[in-house]
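Chemist: One structure is given below, represented as structure tokens, and several questions about it will come after.
The values are calculated or read from the model by the stated rules, or taken from the named source; none is laboratory data. Please read all numbers here as calculations on a predicted model, not as lab measurements. We place every Cβ from the backbone using ideal geometry, glycine too, and count neighbours over all the protein chains shown.
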Amino acid sequence: MNTKLTNILYSLAIGFILSQTSCLVHPPQALQMGSVSSTTKGAIVKIEKRNRLIFLPVSVNGKEYKFLFDTGAPFSISKELQESNNFKVISKGDIIDSDNNRSEVLYVQVDSVVIGGVDFIGQTAFVGDFRKNPVLSCYNIDGIIGSNLMRHMSWLIDTEKEEIRLLNELPTVFMENATEVPFKSDMQFNIELELLLGSLTFSKITLDYGSNGGLDLSKHHFHQLENHHIIESSHEIIGVKQSGLLGEAVIAERKICMSDSLIIGDVQLSDSEIQIGGSDILGNQVLQKMKVGIDWKGQKVYFQKYDREFENFKSFGFYVGTSDSSELLINSVFTETTAFEEGLKAGTKILKVNELNFSEGATFCDYVMLMHEEPEMINLVIVNDKEEETELKLNAEPLKRSVKND
């Protein structure tokens, strides 16, 4: 099957800022709290995949909710879930999302979180407003299963079977047939790996199931690849970025290309999206090609490549977003693509996409669901610089493939 950009980029990696608050626990200390029931024997949980993100059912106080699975962020619950349960506030502080937007949040202690029968007790969660991110608002999630909660169990993520197994220990047979990569974790229990791209080794790359992108590198690391002539050509991404949890559009220097030279342990992965974005994260465009086991006790991640081939990654050459007035807009365009050559640019208003008419009630969420179907071609009606309606037909096309081994 072909794998295409959904034209909607998101990464929910979160960091926190230390702050002193009287009578409350510091956020790093708060994230250390919590345990798992000593009687647990593990569980198998069926997952839902949408636009290369993973969602799973979670029970809180006996009621089932929909949570995002995200190794790149702390455990979180929605404002609405907090309002209905009034969990004890134990800390507060600022968080920074993947686009470097900042917001103050409360941290609360959730008495019981049950995933597939496994009971996580006294877990710390920050309270998030998921409506701020235009994509998350479409999925109506109630929270994020994050890294501080995950550390209490081993996890086996099998996107081909559409299931996640919670285990006391990973299966021996799986570990023997997978490549083993040690990891380190930071104060919020992010999983930091080392990997190889071309002839360069990169460390402190966060394993991030909350990102639907590939390998998103900082400017420093991306420029290293260019300076060593490992990346000789790429597409510039011109416009704004709106992928973080807080949903604010920001201007960012970005480039993108494809690679057949990404190596994790002894697993070499072809057709990996490489992008400059400032976060140093490894997302689901790469992770979906492997069964992944996380051993928290042993501080190791195991990767087992799926047998089937994941064919050409394609793109329509632009990302979309929404304005304050809920208009569908072009957020950014990739240079040297048909979309760029046809004159699409950041801020262009979109009136129609295929059968979706945004002047007659179609919404951004309708567009998100359309992109989940991975169409090969789209018909756009846009408003051009002369305030005239213009129709464009775009086919999904391969991006530049330019990372060399040396």
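Chemist: What tally of residues in segment 319-357 results from selecting those that are exposed (fewer than 15 other Cβ atoms within 10 Å of the Cβ) and among the aromatic types (Phe, Trp, Tyr)?
Modeler: 0
Chemist: Just to check your reading of the model, which residue among GLU376, GLU388, GLU336, GLU311 is modelled with pLDDT under 90 and under 30 Å from LEU269 (Cα atoms)? Before the answer, list the steps.
Modeler: On the way: GLU376 fails: modelled with pLDDT under 90; GLU388 fails: under 30 Å from LEU269 (Cα atoms); GLU336 fails: modelled with pLDDT under 90.
Exactly one of GLU376, GLU388, GLU336, GLU311 is modelled with pLDDT under 90 and under 30 Å from LEU269 (Cα atoms), namely GLU311.
Chemist: Which residues, taken from segment 367-380, are farther than 19 Å from LEU53 by Cβ and buried (at least 18 other Cβ atoms within 10 Å of the Cβ)? Full working, then the answer.
Modeler: Start the filter on segment 367-380 by keeping residues that are farther than 19 Å from LEU53 by Cβ, which leaves 376-380.
The answer is ILE378, LEU380.
Chemist: Please return the ranges of strands (runs of 3 or more DSSP E) entirely within segment 155-242 where 1 or more residues are surrounded by fewer than 19 Cβ atoms within 10 Å (Cβ to Cβ) and among the polar types (S, T, N, Q).
Modeler: Details: elements: 163-167, 179-182, 191-197, 200-207, 215-217, 235-241.
It comes to 179-182, 200-207.
Chemist: Report the residue count in segment 113-133 for those that are of a type outside the set (A, V, I, L, M, F, W, C) and crowded, with 22+ Cβ neighbours inside 10 Å. Step through it out loud before you land on a result.
Modeler: As a first pass, look at segment 113-133 and keep what is of a type outside the set (A, V, I, L, M, F, W, C): 116-117, 119, 122-124, 128-129, 131-133.
Remaining after also requiring crowded, with 22+ Cβ neighbours inside 10 Å: 123-124, 128, 133.
Of the residues in segment 113-133, 4 are of a type outside the set (A, V, I, L, M, F, W, C) and crowded, with 22+ Cβ neighbours inside 10 Å.
Chemist: Mind telling me which of the residues PHE313, PHE364 ends up being within 30 Å of LEU200 (Cβ to Cβ) and surrounded by 17 or more Cβ atoms within 10 Å (Cβ to Cβ)?
Modeler: On the way: PHE364 fails: within 30 Å of LEU200 (Cβ to Cβ).
Only one candidate passes the filter, namely PHE313.
Chemist: Do we have LYS49 as out of contact with any strand residue (DSSP E or B) (no Cβ under 7 Å at 6 or more places or on another chain), within 21 Å of ASN284 (Cα to Cα) and assigned to a strand (DSSP E or B) here? Walk me through how you get there before you give the answer.
Modeler: Numbers: out of contact with any strand residue (DSSP E or B) (no Cβ under 7 Å at 6 or more places or on another chain): yes; within 21 Å of ASN284 (Cα to Cα): yes; assigned to a strand (DSSP E or B): yes.
Yes.
Chemist: Under 7 Å between Cβ atoms, which residue pairs at least 6 apart in sequence (or on different chains) link something in segment 182-194 that is in the same structural domain as GLY265 (by TED's automatic domain parsing) with a partner that is surrounded by 15 or more Cβ atoms within 10 Å (Cβ to Cβ) and of a type in the set (Gly, Ala, Ser)?
Modeler: Partner pairs satisfying both residue conditions: GLN188/SER147; PHE189/SER147; ASN190/GLY72; ASN190/SER147; ILE191/SER147; ILE191/SER185; GLU192/SER185.
Chemist: All but one of (1) touching a strand residue (DSSP E or B) at 6+ places or on another chain (Cβ under 7 Å); (2) more than 25 Å from SER203 (Cα to Cα); (3) among the charged types (D, E, K, R) hold for LYS161, so report the exception by its number.
Modeler: (1)
Chemist: What's the number of the only condition in (1) modelled with pLDDT of 95 or more; (2) surrounded by fewer than 23 Cβ atoms within 10 Å (Cβ to Cβ) that VAL301 fails to meet?
Modeler: The one condition VAL301 does not meet is (2).
Chemist: Take the residues of segment 266-289 that are outside any strand (DSSP E or B) and small (Gly, Ala, Ser): which is modelled with the highest pLDDT?
Modeler: Filtering segment 266-289 for residues outside any strand (DSSP E or B) gives 266, 270-271, 277-280, 283-289.
Those still in the list that are small (Gly, Ala, Ser) too: 270, 277-279, 283.
Details: SER270: 90, GLY277: 69, GLY278: 66, SER279: 81, GLY283: 95.
So, considering only residues that are outside any strand (DSSP E or B) and small (Gly, Ala, Ser), the one modelled with the highest pLDDT is GLY283.
Chemist: Filter segment 360-406 for residues that are part of a helix (DSSP H, G or I) and out of contact with any strand residue (DSSP E or B) (no Cβ under 7 Å at 6 or more places or on another chain); which is nearest to ILE256 (Cα to Cα)? Steps first, please.
Modeler: Step one: of segment 360-406, the residues part of a helix (DSSP H, G or I) are 364-372.
Still in the running and out of contact with any strand residue (DSSP E or B) (no Cβ under 7 Å at 6 or more places or on another chain): 365, 368-369, 371.
Details: CYS365: 25, VAL368: 22, MET369: 24, MET371: 20 Å.
Checking each candidate, the answer is MET371.
Chemist: Let me ask something else. Identify, from the list ASN133, ASN148, the residue that is outside the structural domain of MET369 (by TED's automatic domain parsing) and modelled with pLDDT under 95. Explain how you work it out, then say what you get.
Modeler: Details: ASN148 fails: modelled with pLDDT under 95.
ASN133 is the lone residue from the list that is outside the structural domain of MET369 (by TED's automatic domain parsing) and modelled with pLDDT under 95.
Chemist: Could I ask something else about it? Do you know which residues across segment 59-78 are farther than 17 Å from PHE189 by Cα, buried (at least 21 other Cβ atoms within 10 Å of the Cβ) and among the small types (Gly, Ala, Ser)?
Modeler: Of everything in segment 59-78, just one residue is farther than 17 Å from PHE189 by Cα, buried (at least 21 other Cβ atoms within 10 Å of the Cβ) and among the small types (Gly, Ala, Ser), namely SER78.
Chemist: Look through GLY42, GLY93, GLY34 and report the one residue that is modelled with pLDDT under 90, in the same structural domain as THR159 (by TED's automatic domain parsing) and in contact with a Phe, Trp or Tyr (Cβ under 7 Å, 6 or more places away or on another chain). So that I can check it myself, show each step before the final result.
Modeler: Working: GLY42 fails: in contact with a Phe, Trp or Tyr (Cβ under 7 Å, 6 or more places away or on another chain); GLY34 fails: modelled with pLDDT under 90.
One residue alone meets the criteria, GLY93.
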